[in-house]
Amino acid sequence: MKDKAEAVFVPLNIAVLTVSDTRNLDTDTSGQLLIERLQGAGHTLAQRALLKDDLYKIRAQVATWIADDQVQVVLITGGTGFTARDSTPEAVTCLLDKLVDGFGELFRQISVADIGTSTIQSRALAGLANGTLVCCMPGSTNACRTAWDGILAEQLDNRHRPCNFVPHLKKAAACETRG
């Protein structure tokens, strides 16, 4: 195994979906934070969308990205709460081939420092589908910061050891240099 200093970084093609009944692209601070973080890390924004919290529209958009040979990661912010309108987990879970149980568990663990026991109301989740990592996070900008800085930055970096998600993702044009 090469250590992080020796390995060559592999940029990923990442799509960002914001689920919100109140935000638009100008007020979408959570989606914008994810875009800034992923681009700052050297990844490529494959696509961006903002949808109202509608189970079938969310499912259709995520399914389209999972089927797209160029999209390797889908980051979803919003729709993970307990209101009647929150439907992101229900929209996404049936599309996943494998759940990444540790994502939601770790997200809640590191969130407790910021929001205390309110973290139990987070339905953050992740999974793999057709070689695409799909991560669902709460809609707050702070929650997206917590998820990126505490989990995603390392797990989307092929140089992170002992393991990361890059070997499990489909190859895209931007990743053909991967060994």
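The values are calculated or read from the model by the stated rules, or taken from the named source; none is laboratory data. Keep in mind it's a predicted model, so treat the numbers as computed, not measured. Ideal geometry is used to build each Cβ from the backbone, glycine not excepted, and the neighbour counts take in all protein chains shown. Quick note on the areas: whole protein, heavy atoms, side chains included, nothing else; ligands and nucleic acids left out. Shrake-Rupley method; radii C 1.70, N 1.55, O 1.52, S 1.80 Å.
Please go through segment 106-121 and give me each residue that is touching a residue at least 40 places away in the same chain (Cβ under 8 Å) and either open to solvent by less than 90 Å² (accessible area, probe 1.4 Å) or on the phi > 0 side of the Ramachandran plot (or both), ordered by number.
If we filter segment 106-121 for residues that are touching a residue at least 40 places away in the same chain (Cβ under 8 Å), which is where we start, we get 106-107, 110, 121.
Of everything in segment 106-121, those that are touching a residue at least 40 places away in the same chain (Cβ under 8 Å) and either open to solvent by less than 90 Å² (accessible area, probe 1.4 Å) or on the phi > 0 side of the Ramachandran plot (or both) turn out to be L106, F107, I110.
Say we look at segment 12-47 and pick out the residues that are over 14 Å from the mean Cα position of the chain (by Cα) and among the acidic types (D, E); which of these is least open to solvent (accessible area, probe 1.4 Å)?
D28
Quick check on R37: is it basic (K, R), out of contact with any Gly (no Cβ under 9 Å at 6 or more places or on another chain) and not in a loop (DSSP other than H, G, I, E, B)?
Criteria met by R37.
Which condition breaks for D86 when tested against (1) open to solvent by 10 Å² or more (accessible area, probe 1.4 Å); (2) part of a helix (DSSP H, G or I)?
Result: D86 passes all but (2).
Which members of segment 7-27 meet the condition of being in contact with a helix residue (DSSP H, G or I) (Cβ under 9 Å, 6 or more places away or on another chain) and assigned to a loop (DSSP other than H, G, I, E, B)?
First, the residues of segment 7-27 that are in contact with a helix residue (DSSP H, G or I) (Cβ under 9 Å, 6 or more places away or on another chain): 10-20, 23, 25.
If the condition is that a residue be in contact with a helix residue (DSSP H, G or I) (Cβ under 9 Å, 6 or more places away or on another chain) and assigned to a loop (DSSP other than H, G, I, E, B), then V10, P11, L12, S20, R23, L25 are the ones that fit.
Which members of segment 8-64 meet the condition of being among the hydroxyl-bearing types (S, T, Y) and either touching a residue at least 40 places away in the same chain (Cβ under 8 Å) or more than 12 Å from V74 (Cα to Cα) (or both)?
T18, S20, T22, T27, T29, S30, T44, Y56
When you go through (1) buried (at least 20 other Cβ atoms within 10 Å of the Cβ); (2) more than 16 Å from A153 (Cβ to Cβ); (3) among the aliphatic types (A, V, I, L, M) one by one for L50, which number turns out not to apply?
Every condition holds for L50 apart from (1).
In segment 53-83, how many are open to solvent by 10 Å² or more (accessible area, probe 1.4 Å), closer than 17 Å to G127 by Cβ and hydroxyl-bearing (S, T, Y)?
1
Which residues, taken from segment 47-81, are among the small types (G, A, S), touching a helix residue (DSSP H, G or I) at 6+ places or on another chain (Cβ under 8 Å) and at pLDDT 95 or above?
A49, G78, listed by residue number.
Could you list all residues from segment 94-105 that are within 13 Å of G150 (Cβ to Cβ) and either modelled with pLDDT under 95 or crowded, with 18+ Cβ neighbours inside 10 Å (or both)? Give the derivation first.
First pass over segment 94-105, keeping only residues within 13 Å of G150 (Cβ to Cβ): 102-105.
Residues satisfying the conditions are F103, G104.
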